[in-house]
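Visitor: Sharing a structure, written as structure tokens. Questions coming.
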Amino acid sequence: MKNTKVYDVAINTPLQKAEKLSKQTSSTVLLKREDLQPIKSFKIRGAYNKISSLSKKELEKGVIAASAGNHAQGVAISAKKLGIKALIVMPKTTPAIKIEAVKNFGGNIELVGDNYSEAYSHCLKRIEETGMTLIHPFDDEHVIEGQGTIANELLKTNKDITHVFVPVGGGGLLAGIAQKIKMIKPDIKVIGVEPEDSAAMKKSIEKNRIIELEHVGIFADGVAVKKVGDKTFEIVKKYVDEIITVNVDQVCAGIKAIFEDTRSIVEPAGALAVAGLQKYDLPKNSTAVAICSGANMTFERLQLIAERTLIGSGKESLYAIELLEQPGSLLKLCKDAVNDYPITEFNYRLSDKKIAHILVGIGTSNQNEKHDFENSINHHNYNYTDLTKDELAKEHVRYMVGGHGNKHNTEYIYNVLFPERPGALINFLEKLSHKYSISLFHYRNLGSDSGRVLIGFNTDNKKQLESELDKTNYDYIDVTNNTSVRLFT
């Protein structure tokens, strides 16, 4: 790796010991605090390394990027430092806090489309018109090299490192760190961490070719990438030891763990590495580094994170429990099985004259307590379904238990990804509501640029309905047969 000028704008971030995590894992856990960079993200390294490598002619024409997040800020601040023009194309759904951050760093902004793909298409058109140089967020050798400066700092700061956990989106950060570490200390294990619902790199490595995902999860929006880079894929395939995945609850638990050790709040993507470290079977007395990659998050998302942290840390379990619909059955359940456990959630509504289902959250301090509760439920002959890992139950159903729809109608239920912008719902309903009867609707604002909507339709023609849904250009998934949806809605 060549000498780099990234320190004109970036800082050599602290490698901070996480006392509680170290105790929990019987190892030394160190947090690489990239959330303390001037833009609160590692992205400043790659963006500046790329832009500072451009020719005088290229610099005179300026740079352009399509981004709704940390890369946009990295490009803007780098361009400001070098005194050149920067144009950032962002989706209309980009949260105001991120738009303001780019403006504060001197970037010019064009808001186009509802998602990254539409913004990127417009970006390519603007390149043809302006001659500006595209600064890719990850699939560029100078960007990868810039992110790799983190590895230099790790190796100089601590000689005892055995494991490094790195968040993965397009793969630029993982490729840069892994390539450098393996060239100098190949015995260090480098482990990439992806969300379960955005595991583009893991699936590509397994297939030995780049896989494009149809859908990606939006919770860890900083790594919500459908397709990894050509360059990053080849480097990751060559140098990375393992890629693991974590779910939303584990990411939330990771955010909490970082907060408890540092009193700082990172964004979901910024907690991926810690979430992976907590899941990993780390050998005792290891020295493990987790890259805290960023802290750009809207305040409103903290509510959801707090709600999901209990499950992610194994301290809450969610169940659907079946009862006879008769006087005293609820009291009997509480006395038989629930009495010794703290209740975190209790939802019920009459829906059948013979059988009732309740949605109940139980506080448990560890897996043994969870098993004890389930044994108690079994001992008293209650039928139950564990919904702890059911995303729809946690994101929608637990907030809308209200009984079943008209059983004489054919109903199909979908989880639809809506852009967070004024008019998105109206646009959707204008294309569908006059053709179909909407039987169910639930939405929560999660403080992101997109939100999940649970929506039901009464129709006998599913094929035609999905043809109409395709025309909305919103991603959707049929969840009609999901367990929690079937039991409670």
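Values quoted throughout were computed directly from the atomic coordinates according to the rules given, and no laboratory measurement underlies them. Model, not experiment: these values are computed from the prediction. Please note: Cβ atoms are built from the backbone with ideal geometry, for glycine as well, and neighbour counts cover all protein chains shown.
Visitor: Label the chain by shape, choosing from rounded, prolate and oblate, from the square roots a ≥ b ≥ c of the eigenvalues of the Cα gyration tensor; if a/c is under 1.5 it is rounded, and otherwise prolate applies when a/b is larger than b/c, oblate when it is not. Mind dumping the intermediate values first?
Guide: Values: a/c = 2.45, a/b = 1.41, b/c = 1.74.
The shape class here is oblate.
Visitor: Still on this structure, please answer the following. Sorted by packing (mean other beta-carbon atoms within 10 Å per residue), highest first, where do 81-88, 148-155, 47-54 land? Could you put the intermediate results ahead of the total?
Guide: Working: 81-88: 19.2, 148-155: 21.2, 47-54: 25.0.
In decreasing order of mean packing, 81-88, 148-155, 47-54 become 47-54, 148-155, 81-88.
Visitor: Is the shape of the stretch 314-389 rounded, prolate or oblate, going by the alpha carbon gyration tensor and its root eigenvalues a ≥ b ≥ c, with a/c under 1.5 for rounded and a/b larger than b/c for prolate? It would help to have the intermediate numbers written out before the result.
Guide: Details: a/c = 1.96, a/b = 1.63, b/c = 1.20.
Because a/c hits 1.5 or more and a/b exceeds b/c, the stretch 314-389 counts as prolate.
Visitor: Checking the cross-link filter: which lysines have an alpha carbon closer than 17 Å to that of residue 203, excluding same-chain neighbours under 8 positions apart?
Guide: Qualifying lysines at Cα under 17 Å: 226, 227, 231, 237, 238.
Visitor: Tell me which lysines have Cα within less than 19 Å of residue 332's Cα, excluding those fewer than 8 residues away on the same chain?
Guide: 353, 354
Visitor: Starting with the highest mean, order 236-249, 167-180, 372-385 by the number of other Cβ atoms within 10 Å, averaged over the residues of each peptide. Numbers along the way, then the final one.
Guide: On the way: 236-249: 19.8, 167-180: 29.1, 372-385: 14.4.
Ranked from most to least packed, the peptides come out as 167-180, 236-249, 372-385.
Visitor: Run down the lysines and flag those whose C-alpha is under 17 Å from the C-alpha of residue 284, throwing out any fewer than 8 positions away in its chain.
Guide: Excluding near neighbours in sequence, the set is 17, 20, 23, 189.
Visitor: Follow-up. Please give the calculated 222 nm ellipticity per residue for the chain, where each DSSP H segment of at least 4 residues contributes -39500 (n - 2.57) and the sum is spread over every residue; nearest 500 deg cm²/dmol?
Guide: -11000 deg cm²/dmol, from helical runs alone.
Visitor: Turning to a different aspect of this structure: Would you work out if the stretch 45-134 is rounded, prolate or oblate? Take a ≥ b ≥ c from the square roots of the eigenvalues of the alpha-carbon gyration tensor; rounded if a/c is under 1.5, else prolate when a/b is larger than b/c, oblate otherwise. Kindly include the intermediate steps, with their values, before the conclusion.
Guide: Working: a/c = 2.05, a/b = 1.31, b/c = 1.56.
Oblate shape, in that a/c is at least 1.5 and b/c is the bigger or equal ratio.
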